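First up is the structure itself, then whatever we jot down about it.
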Amino acid sequence: MIVKPADFLKCDARFKHWGKVFTAKDFDENKDNGYAIGGKFVRWGDNVSLNAGEFMVCAAETGSRGKHSYDYKLVVGGPTARVIEPEDPLWKEYLAARTATFDETIVAKAKNNTLYRMGLFAVWLAIQAEGGEVKTELPVYLSKVDDEALAAELTSRGWTCEREPDGGHRPESALVEMESQAESDAWAAEAEASWAEPKVVSPEVKAIRDACLATSKRMAEGK
């Protein structure tokens, strides 16, 4: 749908006002505040095609010259652009599910900043569109785990641990390659499993899922 930031939020010409179009892939959870949202800035009165799988955040400062602050709106793209309001059932579902979906550090960032919270919503929606897999924590690389802690965990699971004379350390480059391949294999297996066992989702989430997958396919084809 063709939209512009001015369609969703009033601005005061004396102060800053802007829009930004982004996708879930543009969100960098390691950054803070609004810097976590990548994408492309849009001038206030410019029209932009907001497709399914795309989002637009609108921001405008309001108030007096001595005291003013930002107001925000989050718009979900598609055949009909949808503004996500605090009372929206989809937004409430996101707030209720984020603790079980994301690492606690990420959740803390979302609680403390509106723009970060909106960007994370796009990621959560993409997860739902792909099957709703819950990720309770960030990946843990075994090379980063303390030797004693790792041995204790394996022993508790019935394994017998014995340290090699040289510590069993491989060259760093080889280790990085192995971790990268393991992570890639894990994601591939997860994706295959999610396609092999489709989950029952609401018609609304299914429509968003199909739109996100179509957008991802176009991006992969360079269209």
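The values are calculated or read from the model by the stated rules, or taken from the named source; none is laboratory data. Worth saying up front: this structure is predicted, and the values here are computed from it rather than measured. When we count neighbours, we look across all protein chains shown, and the Cβ atoms used for this are built from the backbone with ideal geometry, even at glycine.
The residue that is modelled with the lowest pLDDT, counting only those in segment 95-130 that are more than 10 Å from the chain's Cα centre (by Cα) and part of a loop (DSSP other than H, G, I, E, B), is 130.
This table checks each residue for (1) exposed (fewer than 14 other Cβ atoms within 10 Å of the Cβ); (2) farther than 17 Å from residue 72 by Cα.
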{"residue": "85", "(1), (2)": "yes, no"}
{"residue": "88", "(1), (2)": "no, no"}
{"residue": "91", "(1), (2)": "no, no"}
{"residue": "98", "(1), (2)": "no, yes"}
{"residue": "111", "(1), (2)": "yes, no"}
{"residue": "115", "(1), (2)": "no, no"}
{"residue": "118", "(1), (2)": "no, no"}
{"residue": "122", "(1), (2)": "no, no"}
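In segment 138-147 there is at least one residue matching the filter, namely being at pLDDT 60 or above and assigned to a loop (DSSP other than H, G, I, E, B). If you scan segment 1-49, which residues turn out to be of a type outside the set (D, E, K, R) and assigned to a helix (DSSP H, G or I)? Those that are of a type outside the set (D, E, K, R) and assigned to a helix (DSSP H, G or I): 5, 6, 24, 33, 34, 35, 36.
Taken over segment 1-28, the criterion of being free of Cβ contacts under 8 Å to residues at least 24 places away in the same chain and among the hydrophobic types (A, V, I, L, M, F, W, C) is satisfied by 13 alone. What about residue 55, is it in contact (Cβ under 8 Å) with a residue 60 or more places away in the chain, among the aromatic types (Phe, Trp, Tyr) and farther than 17 Å from residue 5 by Cβ? No, not satisfied.
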